[in-house]
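Below is one structure, written out as structure tokens, with a few remarks after it.
Derivation of every value follows stated rules applied to the coordinates shown; laboratory data play no part. Note that the structure is a prediction, hence the values are computed from the model and not measured. All Cβ positions, even for glycine, are placed from backbone atoms using ideal geometry, and neighbour counts span all protein chains on display.
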Amino acid sequence: MKLLTLEEHRERLSNIRYAEEHVKGCMRRERIRDYIPGQVIYNLGEYPAKFSIRPTEYDYDRIKTLSERGVGLIQLHEEWNDSQRLLGADKYTSHDPDGLKEFIKLCHNFGIKVLPYVSSGFFDRRDPDFSERFSQHGMYELNASYFRYRCCDAASAEWNEYLMPKLEQILDTYEFDGLYNDMGYGCANAPEFGYLDYDPYFEDLLARIYTMVKARGGIVKVHQGQCVCPKTKERVYDYLWVGECVRHAKDLLVTAQFDPYVIINPDFRFLEGESEEGLYAMALPSMQFLLRVDGRPVTGERVFVPGVEYVNDPGNNELIHFEAMRKWHAEHPEGPYCYSEWSAIPDDPAMREKWFDYLALYRPMVTENTAAYIDIGENAIVCGKMPEDVHMSLFVNGECYLCISNVGDAPQTVTFADEWIDRQTNERLRNITLAHGKVRFLKLPRA
């Protein structure tokens, strides 16, 4: 931890005093510790097609740029492994172990941590290791693209016995910095991807995975889908990824109530009702940041692999989306590209640059030991009552930062009791007008 100078201590104490005097109520107050705001899904290749993970010059340049622009964590999806046993490996081992180790080393050389996809629930029912005893309390299957995933049961002793050594093997074989867990749970136990109020077996499994990873000094990210958070009585993750299959952007606002840290992945296969830029107005005052999709461009080759049986369902959105990306890539080989199954076609180049711009503004707000006053209600920062659709949070450390946005349909004007500095223009101001879907970044002038 950095030791402060006398002047820095005075400034910090002044900022704390300001916050305590001016914030009368907020949704919650958080102390920021061990937070990596800049996170990326990095596409490695077109599994189940055969490809090499070994880093190329393209990967070197891309990883270098991501690091220089503030990215601290990469998550890899199932293309790192061989979930269908087509390339000489399996769901828990890499089809290109040497190439994978080189990729991890490249990321580490640039100060970026790497998490691999695993699942505490999903396992292909055609795998030779699969047992019906793994899913004794539920027969739900997620059938899409090339996989036929059974949702295995946290209450199955046989599944626990099989899974836990496999996860330990992953951590011990590769120099990963933790695990990304696509939990594969809720859809088997409640409709609409919901959850039971509380499942002690599920919590126990997640808790033991968390303990395993923490014993190695690692990070756990979990994901289910939509705007779902695991209902547990104890801490079982460091990061929660939300947003998959969400159709209406304002549905994401509920995730502000979840324990930190929440990472939003906009799913442009379905998303309606908000511009990509407007998503930042929803996320940033809630101490959330959008997950970036990046890596090697998606070519769509994964849906035309000879000998692979695909789900023959006209309503299979995943195959339809990949086929559309394949067509786009064939017609636009020089880009712009798509980078993930959740991508727009193509991913917007301007917003990809805007992601870096927003991250540069966001990172100073969430440095270690910051006290964050999230979604401020009654306060003495603004004059009069806060407009209903304006969200405002205060981030207090060596500087006193204010993040304010408008998620309503009409413009809103806010007048401040004190003068603030606009961090993007350096303008000193006492009032601002926020258009729909806009966010502003301010700081309090030093005393």
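Quick rundown of the values:
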quantity: Dipole axis of segment 39-364 (+1 Lys, Arg; -1 Asp, Glu on Cβ), positive-most option in Leu290, Leu359, Ser135; calculated: Leu359
quantity: Nonlocal amide H pairs with Asp347, under 5 Å, H built at 1.01 Å; calculated: Tyr337, Cys338, Tyr339
quantity: Residue among Gly111, Pro266, Gly278 farthest towards the positive dipole end of segment 39-364, charges placed on Cβ; calculated: Gly111
quantity: Size of charge dipole - segment 162-307 - debye, nearest 20, with Cβ of Lys, Arg +1 and Asp, Glu -1, no other charges; calculated: 180 debye
quantity: Residue-averaged 222 nm ellipticity for the chain, from DSSP H runs of 4+ at -39500 (n - 2.57), nearest 500; calculated: -8000 deg cm²/dmol
quantity: Mean separation of Cα contacts under 8 Å (6+ apart) over length of segment 39-364, as relative contact order %; calculated: 17 percent
quantity: Between segment 337-367 and segment 368-428, the alpha-carbon center distance in angstrom; calculated: 23 Å
quantity: Cβ-Cβ FRET estimate between Gln257 and Arg54, R0 fixed at 41 Å, reported to 0.05; calculated: 0.45
quantity: Calculated from backbone phi, Karplus (6.51, -1.76, 1.60) coupling profile of segment 125-136 in Hz, x at Gly/Pro; calculated: 5, 8, 5, x, 8, 5, 10, 4, 5, 5, 10, 5
quantity: In segment 337-438, the trypsin sites (Lys or Arg not before Pro) that fall in loop regions by DSSP, at most 11 other Cβ within 10 Å; calculated: Lys385
quantity: Peptides 119-128, 331-340, 355-364 ordered by average Cβ neighbours within 10 Å, highest first; calculated: 119-128, 355-364, 331-340
quantity: Share, in percent, of DSSP beta bridges within segment 13-137 that are antiparallel, nearest 5; calculated: 20 percent
quantity: For segment 401-415, 3J(HN,Hα) per residue [Karplus equation, 6.51 cos²θ - 1.76 cosθ + 1.60, θ = phi - 60°, Hz, x = Gly/Pro]; calculated: 9, 10, 10, 9, 8, 10, 9, x, 8, 10, x, 10, 10, 10, 10
quantity: Estimated inter-spin distance, Ala157 and His9, nm [label 7 Å along Cα→Cβ]; calculated: 5.9 nm
quantity: Local electrostatic count, Asp357, Cβ distance below 12 Å [Lys/Arg +1, Asp/Glu -1]; calculated: +3
quantity: Most mobile of Tyr261, Tyr35, Tyr373 in a GNM of the chain (Cα contacts under 10 Å); calculated: Tyr35
quantity: Given charges at beta-carbon only (K, R positive; D, E negative), |dipole| of segment 349-447 in Debye; calculated: 260 debye
quantity: Structure-derived Cα extents along the principal axes in Å: which label, when the choices are [x] 63, 46, 45; [y] 67, 51, 42; [z] 74, 48, 39; calculated: [y]
quantity: Student exercise, the chain dipole from Lys, Arg, Asp, Glu Cβ charges, in Debye to nearest 20; calculated: 1140 debye
quantity: Antiparallel %, DSSP beta bridges [both residues in the chain], to 5; calculated: 60 percent
quantity: Residue (of Ser405, Val40, Gly307) at the positive-pole extreme of the chain, dipole from beta-carbon charges; calculated: Ser405
quantity: Spacing of the two label points (7 Å from each Cα toward its C-beta) at Ala350 and Phe304, in nm; calculated: 3.2 nm
quantity: Karplus (6.51, -1.76, 1.60) ³J(HN,Hα), θ = phi - 60°, over segment 437-445, in Hz, Gly and Pro reported as x; calculated: x, 10, 10, 10, 10, 10, 9, 6, x
quantity: Above-threshold pairs, the threshold being 30 Å between Cα atoms, out of Lys101/Lys231; Lys105/Lys166; Lys50/Lys250; Lys105/Lys233; Lys105/Lys250; calculated: Lys101/Lys231; Lys50/Lys250; Lys105/Lys233; Lys105/Lys250
quantity: Exposure proxy order (Cβ contacts within 10 Å, fewest to most) of Leu3, Leu291; calculated: Leu3, Leu291
